[in-house]
Amino acid sequence: MWVEIKKVNSLTLAEMWKEYFEGEGIPSRLLPESGLPIGQETAVYKVYVPEDKKHVAEEVLRKL
């Protein structure tokens, strides 16, 4: 199961967070909050990580 770890206001920021988490070894997914297809630059996006990696992602965020 995937859980939300971050909410951002653009596709660029969402992709940045996805790359950051994956660089730390944490798989991630992006979904637009509106339900529209991915690609809308100004939409609100949610970044998801696997539930069993949530504590690792939270620790990574605390270190920033």
Answer yes or no as to whether K63 is modelled with pLDDT of 95 or more and not hydrophobic (A, V, I, L, M, F, W, C).
no
Read through the list (1) without any contact (Cβ under 8 Å) to a residue 12 or more places away in the chain; (2) surrounded by 15 or more Cβ atoms within 10 Å (Cβ to Cβ); (3) not aromatic (F, W, Y), then give the number of the only condition that I26 fails.
(1)
May I ask you to list pairs of residues, at least six apart or on different chains, whose Cβ atoms are under 6 Å apart, with the first in segment 32-54 being charged (D, E, K, R) and the second being in a strand (DSSP E or B)?
E33/K46; K46/E4; K46/K7; K46/L31; E51/V3; K54/V3
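The values are calculated or read from the model by the stated rules, or taken from the named source; none is laboratory data. Being a predicted model, the structure only gives us computed values, none of them experimental. As a convention, Cβ positions derive from the backbone with ideal geometry for all residues, glycine included, and neighbour counts pool all protein chains shown.
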